[in-house]
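Here's the structure we're looking at; comments come further down.
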Amino acid sequence: MKKQKKAKIDANGYRKFGMRDKLAYAAGDFGCNMSFSLKSTVQTFWLVYMMMETGLLSILLLAVQIWDAVNDPLIGSMIDNDHRKYKRGKFKTYILIGAIGLLVAGSAVFLPFPNASVVVKAILFVAGYIVWDACYTVANVPYGSMLSVVTEDPGERAQLSTWRSVGSMIGNMVPMIVLPMLIWKKVTYDGTTDFLDKIMIPEGFDKSQFLTDPFTGEAYKVGDAVLSPETGKQVEILLGERVFWAALIMGVLGFIAFMFMLRNITVRVDENTVKTNEKAERFNVFSAFGKFMRNRPAVGATLAAMGMFLGMQSAGTANTIMFATYFQNASMSGVIMLIGFLPMFLFMPFIKKIVEKFGKKESSVFGTVLSIVGGLVMMVFPMVSNTDTALLVYLAGLLAFGIGMGVYTCVSWAMMGDAIDYNEWKFGTREEGTVYSIHSFFRKLAQGIGPSIVLLIMGVLGYQSKLGTIGQSYETSKNMCWLVAGLYLFSAVVQFIGIALIYNLDKKTLAKMREELAARKTAEEAAPVEEAVAEEATPVEETVAEEAAPVEETVAEEAAPVEETVTEEAAPVEEIVAEEATPVEETVAEEAAPVEETVVEEAVAAEDEDAAFEAARMAAMFDEMDKTEE
């Protein structure tokens, strides 16, 4: 029997970071997107199947998205301030709770009652959306924050971000490709007229015209494709009941993905460092937003994400309507949109090397420039009259846009991880939960505002829900083309502004930040050790002083009698010496007196002799002078 291979352990005792963590983190975003990717279908479902007017749907969508954006920071703060000990860990526990809710919550907003009153429809929409979104937020906020606690290494974080993007992409691709094929059905004649109850008859036409071929005028036979008498294209209908069941199935797939992530990912950084306030203070919305707005990298990365949602993501419904009305092929819209996601696979194997060589910001700026080029190309296709040629131009622009978006998407989450580090570097606190939740707030605000604005624009451009996709005019379908192209270009421009002009963590600055944070952490880890040594040294010094005091007292006590004895014995000796010295001093003085007198007398005599000699010399000199004068 083969021995099971042991996992490699790092210096801190954790399993070493590797492919297991990357696959697990990717699975987490796959689970999130099994729910999130349905948001574009929500608008199509309520617009086409439930036939809600664009104005009302826009208002309701905006209302629920604003609440969605507001509750993100609240839930983020709740997670930050939860200091209870969990067996699985704090983040994993909250993710599990959210994942259980998403099992069924995703289908709550797709209850198929197209014949209900407007009021009932509005209640179903709002209630279902709030329940669904609450479960999604509970799972998604701690999932996003986990990137910073799985590893501290910037290269490994970039890899996690890439794999998260892969999970997101696959999670989006599955419903993007499969859902349109499942929920859109090309109508073929089955011998009944049941399909007529599922379509809106265009103005100026009647039901009988949908029972005969518009080109030959002959009645349809069983198996014949039912053609629109207005466009001559095969009629497509949206199967609302299938959307509900598809959402349930996706909820189960998402739950399985979450369970895989929870079992295989390892948290290596203390989760207690991930908190909003050091003292668990009550969450202050204005204070949190004020701090967030001082964090330039977070603001730049958030603006770029908002650009993506306000533009590209908001174009989802318009894109579906465009394919249904202009290209007459709604079921293939997902396959076409896949082209925008494929370029990510080109960069995925090389993203670590690209980041290490050029930096995350530098690479993303290059990507946004490519996306702008793609957006400009897409602005050309509405001017092409031939639909087949127009589709090729659209695909070319989408491909260029996708290549640029692929670069940014691969590192977007790692850039937010760096923004959290920037918060600690500049302001002393990491605040992962709050920074990420406010980032999520603006993302979701864009997700709500974007589609709402697009729905309003669609109404202004001529789209009428009561006509379905069959009854829209050619002019309206053409306007949908301009709208989609403009949204993509707008998305690329906003991303460029966010990354190139606001996000300020280039490769050099990022390296400096990492170095200073590492030094600060080392100092913080050393401080408790120094305090412990000081605390242990103090009792030792006190003990030594206490033990030394009695010894010093004993020495002093023993030394005192000795000093007294020496003093007493020295006194007589000093007296004897003094008595013996006195006669000697007197004798010396008597003998010295005559000598001193003799010396004085001799000195006086010597002085007299010198004076006489000098006088004689002067007299001789004057005699010589007298002789000379004579």
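The values are calculated or read from the model by the stated rules, or taken from the named source; none is laboratory data. It should be emphasised that the depicted structure is a prediction, and the values quoted were computed from it without experimental measurement. Note: ideal-geometry Cβ built from the backbone for every residue, glycine included; neighbour counts use all protein chains shown. Note: accessible area is taken over every heavy atom of the protein model, side chains too, but ligands, DNA and RNA are not part of it. Shrake-Rupley method; radii C 1.70, N 1.55, O 1.52, S 1.80 Å.
Where does the charge balance sit around A134 when Lys and Arg score +1, Asp and Glu -1, over other residues with C-beta under 13 Å from its C-beta?
Here the count lands on -2.
If E424, E535 are ordered by their accessible area, calculated over protein heavy atoms with a 1.4 Å probe, which sequence runs from highest to lowest?
E535, E424
When all protein chains stay in place, what accessible area (Å², nearest 10, 1.4 Å probe) is found for M176?
40
Using modelled amide H (1.01 Å from N, peptide plane; none on Pro or chain starts), what sits under 5 Å from the amide H of Y14, excluding residues fewer than 5 places away?
Those lying under 5 Å, H to H, from Y14: there are none.
How do W46, W482 stack up against each other in accessible area, from largest to smallest, with a 1.4 angstrom probe? Before the final figure, lay out the partial values.
On the way: W46 0, W482 95 Å².
Reading off the accessible areas and sorting them downward yields W482, W46.
Could you state the accessible area per residue of region 400-465 in Å², with a 1.4 Å probe and every protein chain left in place?
Averaged over the residues of region 400-465, the accessible area is 22 Å².
Show me, for region 206-213, the HN-Hα J-couplings you get by feeding each phi into the Karplus relation (A = 6.51, B = -1.76, C = 1.60, θ = phi - 60°), rounded to Hz, glycine and proline as x.
Listing the rounded values in order: 10, 4, 4, 6, 8, 9, 10, 5 Hz.
Normalise the Debye intensity by I(0) for region 287-345, one equal point scatterer per Cα, no solvent, then take log10 at q = 0.22 Å⁻¹ and round to two decimals.
-0.89
Could you pull the Rg and Dmax for region 147-281, using just the Cα atoms, both in Å?
Calculated on Cα positions, Rg and Dmax stand at 25.7, 79 Å.
Counting Lys and Arg as +1 and Asp and Glu as -1, what is the net charge of the other residues whose Cβ lies under 15 Å from the Cβ of F381?
Summing Lys/Arg as +1 and Asp/Glu as -1 gives 0.
May I ask which of K207/K444; K85/K507; K85/K521 have a Cα-Cα span longer than 31 Å here?
Over 31 Å Cα-Cα: K207/K444; K85/K507.
Quick one: in region 384-524, what % of C-alpha pairs are over 24 Å apart?
Details: 5199 of 9870 pairs.
Here the long-distance tail beyond 24 Å is 53 percent of all Cα pairs in region 384-524.
Set Lys and Arg Cβ to +1 and Asp and Glu Cβ to -1, take the dipole of region 58-103 about its Cα centre, and tell me which of I66, H83, G98 lies farthest positive.
H83
Taking just the alpha carbons, could you work out the radius of gyration and Dmax for region 311-460, both in angstroms?
For region 311-460, the Cα-based Rg and Dmax read 18.3, 60 Å.
Which residue, chosen from P297, F309, G402, occupies the Cα position most advanced towards the positive end of the dipole of region 283-411, where the dipole is computed from +1 (Lys, Arg) and -1 (Asp, Glu) charges on Cβ about the Cα centre?
Highest projection toward the positive end goes to P297.
Net charge near Y189, counting Lys/Arg +1 and Asp/Glu -1 over other residues with Cβ under 12 Å of its Cβ? Walk me through the intermediate numbers first.
Working: positive: K186, K221; negative: D190, D194, D213, E218, D224.
Spelling it out: positives minus negatives among the neighbours equals -3.
Hey, what do the phi angles of region 28-40 turn into as Karplus ³J(HN,Hα) couplings, whole Hz, using 6.51/-1.76/1.60 and θ = phi - 60°, x for Gly and Pro?
Going residue by residue, I get x, 6, 4, x, 4, 7, 5, 9, 4, 5, 6, 4, 5 Hz, with x marking Gly and Pro.
Sorted by accessible area with a 1.4 angstrom probe, largest first, how do M332, M250, M383 fall?
Details: M332 75, M250 15, M383 130 Å².
Largest accessible area first, the residues go M383, M332, M250.
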